[in-house]
Structure formats: C-alpha cells, structure tokens
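Before we start, here is the structure in question, set down as structure tokens.
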Amino acid sequence: MRVSQPFSAAVMRKLLLAFSLVLSTFSFTLQAAEQPIALLGAMDAEIEKLLPEIDNKQVHTISSNTYYTGTIDGQPVVVARSGVGKVNAAITTYVLVNHFKVESIIFTGIAGAASPKLNVADVVISTALVQHDVDLTTFGAPKGQLSGYDDRYFYADKKLQALALEAANDEIGKSRVHAGIIATGDQFIADKTVVKMLQEEFDALAVEMEGAAVAQVTDMLNIPLVVIRTISDKADGSAHMVYSEAKQVTADNSVAITLNMLSRMKS
Ligand code: ADE
C-alpha cells in the first residue's frame, strides 16, 4: 500500500532551503546588532570614569592588558586601556578588532597642544592622524609617511567625526572645540621649538602618543575610528607640570564627550 506523503521530496528541499535562509539572515542580524563599540584610552586616568558606567561588566586579560565588556545605556561596549605609546596602542587595537569584533573605535584621552591657538581644556576631534616620528625622507618620502603608503595621514571616519563634534559642542560649547590633525609619536613633547615644527610640518593641532598607531591598524582592518583629545598642556617647557595638574580633569572631559557621543549612536 502506498503511504500518502504530505510533502514531496522537492517541496521538502525547498522548505528546508527557505528555513535555513531565514535562520542565517536572523543570526547575521543578531550578530551585527551585538557588535560592540570600543572605548579606548591609553592610561587608567583616561578610562577611569567609564568603568562605573558599564552594566554586566566582565573583565578579560589578554597579553597583560585588561578589557571590560558589558553595556553602557544598553549598548554593547568594550572599554580598554592600551598603555602609553604606539606599540601598546597597535596591539590593543588589533585585539579589540580581532578578538572582540568591535564595529568601531572611539579613542578618548588627553594631548599636548601643537597649535598656539589652543588652550588647556580645549578639545580636538581628529580629522586625520599622522606619525610625526616616522622619517623615510632619505628615500624621498614626505616626513611621517610610511613605506607602502601614498599618504602620510590616516583619516577619521566622517560619521564618527560628525557625532564626536556634536557631542563635544554639546558638552563644552563650540568655542572650545576644534576639528583637525593630531600628530602621534613615541615622545612626550615638552619643547617649544619641537611643537612649532609639528605645527608647521604637519599642520597639527594636538600631539599625543597613540592615535595614529590606532589609525594605522584600523585603516588596515577597515574599522571606523575617531580620536577625542582634551588638551592637558602646551607641549612646551612647562608641559610636565601643567600636565600633572590637568591630567585627570581633562581626561574626564574627553570621557564625558565620549559618553555623550555614545548616546547619539543609539539606533
Ligand atoms: N599627551 C599629553 N600631553 C602630551 C605631550 N606634551 N606630548 C605627548 N603626548 C602628550
């Protein structure tokens, strides 16, 4: 006796195919929605005020660096402290992208002023970043340009840049917010003549020790980046003293802008 089948084999195959398509679309949407945003700073002082904001906080140690995962205001985040300097910044950025699969990176921190127009407590939002200590000029490359690159600047993501500017204007008022170039190198700059050179050579507004290293990695891995820096000193002869006094308050200012920006990123 022939048993009647509710569905033929061909119909079953089509149903299965449709079901697996729906499933894979659903899991892709879930994955995309769950990709965290990285909030990165170099020093404890630069991320300190972020830590109490994290709900369901989990602590991860990778290559002797600490990463905090959880949510801020319902949004998945990874907060990380890279340590000072370009190598630390590059390694941490790679871990954020490769291990934590972050969708974008907001760098929050402090910087020396490279332009005489800027004062302590002003804010610089990166339009582009350059490594001022890269020098292949002997081979005819412009100062700051790495071999294999046709530009010495790494550009900030336009959408993140616009959001960071809105957030900064909202937090501290337009007159103290600047969009421009940030120069990075493995030196704490505390010399008027050096800072003048950085401004003239690179058109830099601010100088720090991590941003362009993060930018080189995010450029390679196609991850959107913006850097938010509050000026902690004027990178001149008195820089180390002014820096020590202004460090925490200026670092907290960048955190306030970062949190304001994060709330604007909510879809
Ligand atoms: N970060 C804060 N101030 C700085 C300076 N003067 N040089 C380099 N990095 C800094």
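The values are calculated or read from the model by the stated rules, or taken from the named source; none is laboratory data. Since the model is a prediction, treat every value here as computed from it, not as a measurement. Cβ: placed from backbone, ideal geometry, glycine included. Neighbour counts: every protein chain shown. When the accessible area is computed, the model is the full protein with side chains, heavy atoms only, and any ligands, DNA or RNA have been set aside. Shrake-Rupley method; radii C 1.70, N 1.55, O 1.52, S 1.80 Å.
Can you list residue pairs whose Cβ atoms sit under 7 Å apart, with the first residue in segment 49-73 being in contact (Cβ under 8 Å) with a residue 60 or more places away in the chain and the second being surrounded by 15 or more Cβ atoms within 10 Å (Cβ to Cβ) and among the acidic types (Asp, Glu)? Count only pairs 6 or more apart in sequence or on different chains.
From residues that are in contact (Cβ under 8 Å) with a residue 60 or more places away in the chain, the pairs are LYS49/ASP252; ILE72/GLU53.
For (1) open to solvent by 20 Å² or more (accessible area, probe 1.4 Å); (2) in contact with a Phe, Trp or Tyr (Cβ under 8 Å, 6 or more places away or on another chain); (3) at positive phi, each residue gets a yes or a no:
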site	(1), (2), (3)
LEU129	no, yes, no
ASP133	yes, no, no
TYR155	yes, no, no
THR184	no, no, no
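Moving on. Quick check on my filter: what residues within segment 22-40 are assigned to a helix (DSSP H, G or I) and either modelled with pLDDT of 95 or more or open to solvent by less than 70 Å² (accessible area, probe 1.4 Å) (or both)?
SER24, SER27, ALA32
Can you confirm whether segment 219-233 contains a residue that is farther than 27 Å from PRO36 by Cα, out of contact with any Leu (no Cβ under 7 Å at 6 or more places or on another chain) and within 13 Å of the ligand (Cβ to nearest atom)?
Looking for residues that are farther than 27 Å from PRO36 by Cα, out of contact with any Leu (no Cβ under 7 Å at 6 or more places or on another chain) and within 13 Å of the ligand (Cβ to nearest atom), one finds at least one in segment 219-233, hence yes.
Going through segment 41-56 one residue at a time, which ones are in a loop (DSSP other than H, G, I, E, B) and either among the hydrophobic types (A, V, I, L, M, F, W, C) or open to solvent by less than 10 Å² (accessible area, probe 1.4 Å) (or both)?
Going residue by residue through segment 41-56, those that are in a loop (DSSP other than H, G, I, E, B) are 42-43, 48-50, 54.
Listed by number, the residues that qualify are ALA42, MET43, LEU50, ILE54.
From PHE7, PHE100, which residue is of a type in the set (Phe, Trp, Tyr), part of a loop (DSSP other than H, G, I, E, B) and at pLDDT below 95?
Going through PHE7, PHE100 in turn, just one is of a type in the set (Phe, Trp, Tyr), part of a loop (DSSP other than H, G, I, E, B) and at pLDDT below 95: PHE7.
Which ones in segment 218-254 are in a helix (DSSP H, G or I) and either aromatic (Phe, Trp, Tyr) or surrounded by 24 or more Cβ atoms within 10 Å (Cβ to Cβ) (or both)?
Correct list: THR218, TYR243, THR250, ALA251, ASN253, SER254.
Would you mind telling me which numbered condition in (1) touching a residue at least 12 places away in the same chain (Cβ under 8 Å); (2) among the hydrophobic types (A, V, I, L, M, F, W, C); (3) open to solvent by 40 Å² or more (accessible area, probe 1.4 Å) ALA162 fails?
(1)
Further question on the same structure: Return yes when ILE189 is within 13 Å of the ligand (Cβ to nearest atom), at pLDDT 95 or above and either in a loop (DSSP other than H, G, I, E, B) or hydroxyl-bearing (Ser, Thr, Tyr) (or both) and no when it is not. Outline the logic, then answer.
Details: within 13 Å of the ligand (Cβ to nearest atom): yes; at pLDDT 95 or above: yes; either in a loop (DSSP other than H, G, I, E, B) or hydroxyl-bearing (Ser, Thr, Tyr) (or both): yes.
Yes.
Right, next: Given the criterion of a type outside the set (Phe, Trp, Tyr), modelled with pLDDT of 95 or more and within 14 Å of the ligand (Cβ to nearest atom), identify the matching residue among VAL59, VAL79, VAL123, VAL87.
Unique residue meeting the criteria: VAL123.
Right, another one. Going through ALA114, ALA168, ALA204, ALA179 one at a time, which residue ends up being crowded, with 22+ Cβ neighbours inside 10 Å, within 20 Å of LEU39 (Cα to Cα) and either within 16 Å of the ligand (Cβ to nearest atom) or modelled with pLDDT of 95 or more (or both)?
Going through ALA114, ALA168, ALA204, ALA179 in turn, the sole match is ALA168.
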